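Worksheet: the structure to be examined is printed underneath.
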Amino acid sequence: MAAVGKILIVGGGVAGMSCAIQMRKAGIAVDLVEIDPSWRIYGAGITITGPTLRALRTIGVLDEVLAQGAAWNGAKVHDKAGTLLESVTFPPLAEDLPGTGGVMRPVLHKILSAKTLAAGVDVRLGASVADFRECGARIEVTFSDGARGGYDLVVGADGIFSGMRDRVFPEAAKPVFTGQVIYRLVAERPPSFDGSHFFMGEDCKVGFNPVSATHMYMFLLHPAAPNPRIEPRDQPQKLYEAMAGFGGFVPQIRETVRTVNAHSVNYRPLEVLLHPAPWYRGRAVLIGDAAHATTPHLASGAGMAIEDGIVLAEELQSRSSLDQALQHFMARRFERCRLVIDNSVKLGQIEMNHGSPIEHTRLMSEALGSLRQPI
């Protein structure tokens, strides 16, 4: 095992918590700092593909996620008017796994945070890294509250706008806007709603996925000019306008956007980032969105973040030195994460460029098939 007795994880999101849980299983002491003093989570629902279900099982939270979320095995693809174009089946990765699943982001956060604390992770809220320097075989860290600590490894898991990335790699590129924006919304499931539904417009896509026994989350993707900021108070109206002309059960949900479901509307421009290999320098390494932020087209961002933590812990356990562990971590992670980002961007381009819905489904199925391979 690499000589790592204590690590610091910066960021208390999916990547940071998953990494912390696996490190504790390996017998490594973990401090986790999260800048938000309330440890909150934003967003609506999250879709969980087969590889992500497998990763959740590895860290030991799958049963809780499925109990509080939803599971199903297929999707229906419609044109804008609501006419069914094709049905797609998501074959399970294993007999004890569903094809895919969904859960509310706050529910997933609650499950992971409880598991993190139960694992014995020392969590400090309202704190971040102010400075660090390597001193031989240790990193000495100064925190924003003036506290200090020494670690064998620092893991930057602080998201797409990572402060740790800027500190470790001052020359790093910034996230790039893809040309699309996304709206999300949570609503009650219509009668007989039992899986994913996608409605493909000319340059706009609406999708629905279950997130519990009673609710689903909706997303809408459409092209936009650079820096498309919309004030929160205007977002329900803008979403209402973007949903015009869609058929099927979309109009039923559209009528709730400015009323009972207005509070759940979530909007953001889509940005991507793939930091060049390696994601480490010295005794600091990036994981999750800090290293590889993608769009939601393959529903794999959270899955890749969870896998990062699993693989990093495995490599630290199985290699004789930290450098060997980090090299093998990169060998297992870089191309897999690049596949997700590249194909997600391609799917977005098909949507923006009036591409074929059938070609869109084919590309999505091929990419998800590749991710079924063991990590």
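The values are calculated or read from the model by the stated rules, or taken from the named source; none is laboratory data. Computed from a predicted model, the values in this text were never measured in an experiment. Cβ coordinates were reconstructed from backbone atoms using ideal geometry, including for glycine residues, and neighbour counts include every protein chain displayed. Heads up: the accessible areas ignore ligands, DNA and RNA and are worked out on the full protein's heavy atoms, side chains in. Shrake-Rupley method; radii C 1.70, N 1.55, O 1.52, S 1.80 Å.
Say whether the condition of being in a loop (DSSP other than H, G, I, E, B) and out of contact with any helix residue (DSSP H, G or I) (no Cβ under 9 Å at 6 or more places or on another chain) is met by at least one residue in region 147-158. Step through it out loud before you land on a result.
Kept after step one, since they are in a loop (DSSP other than H, G, I, E, B), are these residues of region 147-158: 147, 152, 157-158.
Imposing the further condition that a residue be out of contact with any helix residue (DSSP H, G or I) (no Cβ under 9 Å at 6 or more places or on another chain) reduces the set to 147.
The answer is yes, given that some residue of region 147-158 is in a loop (DSSP other than H, G, I, E, B) and out of contact with any helix residue (DSSP H, G or I) (no Cβ under 9 Å at 6 or more places or on another chain).
How about region 216-255: which of its residues are open to solvent by 30 Å² or more (accessible area, probe 1.4 Å) and in contact with a Leu (Cβ under 8 Å, 6 or more places away or on another chain)?
Correct list: empty.
Filter region 114-132 for residues that are assigned to a loop (DSSP other than H, G, I, E, B) and surrounded by 17 or more Cβ atoms within 10 Å (Cβ to Cβ) and give the result.
Matches in region 114-132: A119, V121, A127, S128.
Quick check on I111: is it crowded, with 19+ Cβ neighbours inside 10 Å, over 27 Å from the mean Cα position of the chain (by Cα) and on the phi < 0 side of the Ramachandran plot? Spell out the reasoning first.
Numbers: crowded, with 19+ Cβ neighbours inside 10 Å: yes; over 27 Å from the mean Cα position of the chain (by Cα): no; on the phi < 0 side of the Ramachandran plot: yes.
No; evaluated as a whole, the condition is false for this residue.
Need the failing condition index for I306 against (1) open to solvent by 10 Å² or more (accessible area, probe 1.4 Å); (2) β-branched (V, I, T); (3) within 15 Å of G156 (Cα to Cα), just the number.
All conditions pass for I306, except number (1).
Any idea which residue in region 12-38 is surrounded by the fewest Cβ atoms within 10 Å (Cβ to Cβ), counting only those that are more than 16 Å from L316 (Cα to Cα) and of a type in the set (A, V, I, L, M)?
Across region 12-38, the extreme among qualifying residues is I35.
Counting only residues that are of a type in the set (D, E, K, R) and out of contact with any Leu (no Cβ under 8 Å at 6 or more places or on another chain), which one in region 256-300 is surrounded by the most Cβ atoms within 10 Å (Cβ to Cβ)?
E271
Residue check, L53 against (1) open to solvent by less than 10 Å² (accessible area, probe 1.4 Å); (2) assigned to a helix (DSSP H, G or I); (3) touching a helix residue (DSSP H, G or I) at 6+ places or on another chain (Cβ under 6 Å), all met but one. Which one?
It fails just one condition, (3).
Of the residues A75, A71, A81, only one is touching a Gly at 6+ places or on another chain (Cβ under 8 Å), closer than 16 Å to V211 by Cα and open to solvent by 40 Å² or more (accessible area, probe 1.4 Å); which?
Details: A75 fails: open to solvent by 40 Å² or more (accessible area, probe 1.4 Å); A81 fails: closer than 16 Å to V211 by Cα.
A71 is the lone residue from the list that is touching a Gly at 6+ places or on another chain (Cβ under 8 Å), closer than 16 Å to V211 by Cα and open to solvent by 40 Å² or more (accessible area, probe 1.4 Å).
Identify, please: which residue in region 179-202 is part of a loop (DSSP other than H, G, I, E, B) and either aromatic (F, W, Y) or open to solvent by 10 Å² or more (accessible area, probe 1.4 Å) (or both) and is, among those, nearest to A244 (Cα to Cα)?
Per the stated criteria, the residue is G201.
Give the number of residues within region 314-326 that are closer than 15 Å to W279 by Cα and surrounded by 15 or more Cβ atoms within 10 Å (Cβ to Cβ).
4
Only one of G99, G82 is modelled with pLDDT under 95 and either farther than 24 Å from A15 by Cβ or acidic (D, E) (or both); which?
None of the others qualify; the one that does is G99.
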